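Structure first, commentary second.
Where a number appears in this text, it was derived from the coordinates with a stated rule and is not lab data. The structure displayed is predicted, hence computed values, not measured ones. Note: ideal-geometry Cβ built from the backbone for every residue, glycine included; neighbour counts use all protein chains shown.
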Amino acid sequence: MQNCLGAPQSTVSQHLAKLKAAGIVEGRRNGVEIYYYLTNEEVRKIIEVFL
């Protein structure tokens, strides 16, 4: 994720923590990897408009 965003790992981690606290994303751990997904339908709709 940090490579795609061109941001340091610490910055990405801080943003993900805020998104998780706001109930926008959740993570699922698979070994050493964490897969993040949207949990907020309103945010999903907004992203679809931009994409």
When you check Lys20 against the structure, is it exposed (fewer than 11 other Cβ atoms within 10 Å of the Cβ) and not hydrophobic (A, V, I, L, M, F, W, C), yes or no? no
Of all residues making up segment 20-51, the number that are part of a helix (DSSP H, G or I) and touching a residue at least 12 places away in the same chain (Cβ under 8 Å): 1
Check off (1) surrounded by 10 or more Cβ atoms within 10 Å (Cβ to Cβ); (2) more than 12 Å from the chain's Cα centre (by Cα); (3) among the aromatic types (Phe, Trp, Tyr) for Phe50 and give me the number that stays unchecked. (1)
Is one or more of the residues making up segment 26-35 charged (D, E, K, R) and touching a Ser or Thr at 6+ places or on another chain (Cβ under 7 Å)? yes
